[in-house]
Amino acid sequence: MSTNIKSVVRLGLVSDTHMPERLVALPDGLFTALTGVDLMLHAGDVGALWVLDKLSAIAPVVAVHGNDDTVEAQRELPFQQLVTVAGRRILLWHSHYPDRAEELASRVGDDLRPKLQRSVAQAQRAGAEIVVFGHWHIPLVYRHEGVLVINPGALASGNFVMRQLMQTVAILEVGMGGATAVSHIDLASPTKSFDPDIDFDAGFMAASNRFQMSILSPDLLGVWPSLGGKLFDLAPAAMRDIFGEVAHPVWAGERPFMTKKMVQTAVVASSLLSDQIKTQALALLQN
């Protein structure tokens, strides 16, 4: 992972750990990949704050919260953070909209460049030449209007019905005279860098599909767009627990898919749902 610049500072970039809800432990490859960095930047959706304690075994950590973070992370971590390194300002943020309706509206449309422009504009407002963001679970490097935009990728899945196909982090080197170099690392091969090689003209979904895939079986996949929201609206916290319980064996490779029967069984067994909510949930699953 050598570069051609004379490095002044090496920054380890991490995002979307979602621990322990969607990731039980940090991958061993993470510690190999980021050994020797001077500072860690976490771009949100941390999970429990003890995740940052674990990461601090590598280097000091600066972090922001994400849109799908724990209550404690949203309470204690800022929405964005400005970090200055070797005379260069770096804006660190997750890049979500705090308002849920605005966030959902932002997901409409597939054109990737306008979505990236929001991070460019946010950096420019802060006078930053570099912006590090998370949220998308897509490793990328993008340069526009004098701003270097970096997403390190993710360690955990974007939601309970997806699998993160590649766990990635990044290293940002800031060199003499402000030169920069970015290396992405697939934690399955932690001693080598790789180029995400994103086709920005192909659209958001084309990029996303390279790094995430559904874990739903055919009996759920077709109905999920109409079913998922209704189930979670019944009891959001309890459903997160139920779907996490069902998803973890799939993520671990113990089961090939999340099936409707698996969800039904977990709903019946849940101690977090009232009988009335169970009846409503099972009715939705039977349709």
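Test residue 183 against the stated conditions and say whether it is part of a loop (DSSP other than H, G, I, E, B), polar (S, T, N, Q) and at pLDDT 95 or above. No.
Summed over the range 44-56, the residues that are part of a loop (DSSP other than H, G, I, E, B) and within 17 Å of the chain's Cα centre (by Cα) give a count of 5.
Kindly indicate whether any position in the range 135-149 is under 20 Å from residue 178 (Cα atoms), in contact with a Ser or Thr (Cβ under 7 Å, 6 or more places away or on another chain) and part of a strand (DSSP E or B).
Yes.
The criterion of at least 1 residues that are more than 18 Å from residue 162 (Cα to Cα) and among the aliphatic types (A, V, I, L, M) is met by the following helices (runs of 4 or more DSSP H) wholly inside the range 213-287: 224-234, 236-251, 260-269, 275-286. In the range 57-108, the residue that is surrounded by the most Cβ atoms within 10 Å (Cβ to Cβ) out of those that are among the charged types (D, E, K, R) and not in a helix (DSSP H, G or I) is 69.
Listed here are the residues, each with its yes/no results for (1) under 23 Å from residue 18 (Cα atoms); (2) in contact with a Leu (Cβ under 7 Å, 6 or more places away or on another chain); (3) without any contact (Cβ under 8 Å) to a residue 60 or more places away in the chain; (4) polar (S, T, N, Q).
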{"site": "142", "(1), (2), (3), (4)": "no, yes, yes, no"}
{"site": "175", "(1), (2), (3), (4)": "no, no, no, no"}
{"site": "180", "(1), (2), (3), (4)": "no, yes, no, yes"}
{"site": "185", "(1), (2), (3), (4)": "yes, no, no, no"}
{"site": "188", "(1), (2), (3), (4)": "yes, no, no, no"}
{"site": "199", "(1), (2), (3), (4)": "no, no, yes, no"}
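Taking the criterion of being of a type in the set (A, V, I, L, M), outside any loop (DSSP other than H, G, I, E, B) and surrounded by fewer than 23 Cβ atoms within 10 Å (Cβ to Cβ), the only residue of the range 150-167 that qualifies is 162. Just so you know, in the range 235-276 the residues that are acidic (Asp, Glu) and surrounded by 15 or more Cβ atoms within 10 Å (Cβ to Cβ) include one that is nearest to residue 24 (Cα to Cα), and it is 245.
None of 260, 192 is in contact (Cβ under 8 Å) with a residue 12 or more places away in the chain and outside the structural domain of residue 24 (by TED's automatic domain parsing) except 260.
The values are calculated or read from the model by the stated rules, or taken from the named source; none is laboratory data. Source: prediction; values computed, not measured. A quick note on method: Cβ atoms are made from the backbone with ideal geometry, for glycine too, and the neighbour counts reach across all protein chains shown.
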